[in-house]
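The values are calculated or read from the model by the stated rules, or taken from the named source; none is laboratory data. Since we're looking at a predicted model, the values are computed, not measured. Note that we place each Cβ from the backbone using ideal geometry, even for glycine, and neighbour counts take in every protein chain shown. Accessible surface is based on the protein model in full, side chains and every heavy atom, while ligands, DNA and RNA are left aside. Shrake-Rupley method; radii C 1.70, N 1.55, O 1.52, S 1.80 Å.
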Amino acid sequence: MNTSVQDRPTSFWLRLLRERRERMNDERLDLSTPIVWESAEEQAAAIAFFNAAFRAEESGLRQAHELADDVATWDPELADALRLYGDEEGWHRELLTQFIAYLGGAIRPMGPTTRTFYRLYARAKKHETIILTNLMFETIGSTTYRLALGTAKPRPAIQHMLTILTRDESFHVPLNVHFLRRILARAEPGAGRSLRGIYHLLTASLMASTAASRRRAQAFDHIPFPTLARAYAEQLGRLFVHAEDLGFTPSRALLATVGLRRRDLLGHDDVLSVAAAEQAADRSRVVVSAL
Ligand SMILES: [Fe+2]
Ligand SMILES: [Fe+2]
């Protein structure tokens with residue numbers, strides 16, 4: 001059995017983040033071959049798909065850096081980790097800016113569903129709410145990218161972009177679990193309980209949001225609505241099976257809407273293992289497979 005990352009100190013994460021930063025610039029997208037689209041609809045959907053990714057990066061970057069400034073007063077090491085993490089999202093944002101232009105698109109204003117989410121998220125004041133929301137966004141991000149790797153029409157540049165995002169967001173999941181634990185350890189009594197309410201609400205809202213994302217992006221990623229909604233429920237649920245101490249248990253009723261039971265979430269690949277996190281420090285050693 002893999003050791004859990006549960007009791008790893010911040011210094012462990014800081015070391016991995018520093019190693020990752022050193023290797024960050026070695027990676028470049030090869031955008032020399034233009035994409036031949038099946039249809040204008042497919043192209044528009046691809047641009048919408050990567051625009052959604054761009055917004056997630058932008059928001060992750062801003063929240064991480066703002067939080068780092070607050071956290072610096074009581075845990076400078078944790079603040080450094082938050083900054084380096086935000087920088088990784090900043091790097092993704094740069095890559096996506098180039099990539100969206102390569103697809104023949106531009107960075108566009110958000111649609112109504114996305115805007116509502118980010119508005120609520122930007123208004124979150126409590127540190128633990130910000131981190132939990134971010135953690136859940138990371139989880140659905142890596143889930144969507146992994147599914148798309150197997151379902152979008154394969155083209156080298158698109159596969160490369162999706163692989164980078166999947167791989168890095170998978171590392172960000174256990175990293176954000178660490179942030180959440182550190183921040184909860186300092187939060188007011190009862191903070192964990194109110195956070196559980198947010199977890200349930202957000203899980204349901206994110207599952208519902210897949211309907212809007214299907215209208216915009218399905219012609220590119222070919223992920224059907226039931227598949228995506230179920231994958232969100234599964235991955236968000238599994239996250240907390242592996243981080244039991246946080247006390248989040250996915251709702252039976254909600255899981256049932258996508259044909260899942262709690263026991264279906266047990267015994268799968270451990271996204272929160274030390275081995276997985278260590279490996280993620282060296283991006284070239286990470287093998288990304290489609291979901
Ligand atoms: Fe990212
Ligand atoms: Fe991320």
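Which residue, 234, 42, 244, has the most motion in a Gaussian network model of the chain that connects Cα atoms within less than 10 Å?
Result: 244 has the largest fluctuation of those listed.
Let's see if you can work this out: charge +1 on each Lys and Arg Cβ, -1 on each Asp and Glu Cβ, no other charges. What is the dipole magnitude of segment 135-191 about its Cα centre, in debye to the nearest 20?
Numbers: 7 positive and 4 negative charges, 30 e Å.
The dipole magnitude comes to about 140 debye.
Trypsin sites (Lys or Arg not before Pro) within segment 15-108: which are DSSP loop residues with at most 14 other Cβ atoms inside 10 Å?
Here the sparse-neighbourhood loop sites are 28.
Roughly how many nanometres apart are two label points built 7 Å out from the Cα toward the Cβ at residue 101 and residue 123?
3.6 nm
Determine the shape class of segment 72-167: with a ≥ b ≥ c the square roots of the Cα gyration tensor eigenvalues, call it rounded for a/c under 1.5, and otherwise prolate if a/b is greater than b/c, oblate otherwise.
Note, shape of segment 72-167 comes out prolate.
Find the Rg to Rh ratio for the chain, where Rh is the Kirkwood radius over alpha-carbon pairs and Rg uses the same atoms.
Over the Cα atoms of the chain, Rg/Rh equals 0.94.
Could you calculate, for segment 108-157, the ratio of the Cα radius of gyration to the Kirkwood radius, expressed as Rg to Rh? Spell out each step's value before the answer.
Values: Rg = 14.3 Å, Rh = 12.9 Å.
Ratio value, two decimals: 1.11.
Just in segment 119-221: which trypsin sites (Lys or Arg not before Pro) are loop by DSSP and have at most 14 other Cβ atoms within 10 Å?
125
Along the charge dipole of the chain, pointing to its positive end and built from +1/-1 on Cβ of Lys, Arg, Asp and Glu, which listed residue (200, 240, 133) has its Cα farthest out?
200
Can you compute 3J(HN,Hα) from phi for each residue in segment 76-82, using the Karplus curve 6.51 cos²θ - 1.76 cosθ + 1.60 with θ = phi - 60°, rounded to whole Hz and x for Gly and Pro?
So the J values, rounded to whole Hz, are x, 5, 5, 4, 4, 5, 4.
Taking a probe of 1.4 Å, how large is the accessible area per residue of segment 20-76, in Å²?
Here the residues of segment 20-76 average 54 Å² of exposed surface.
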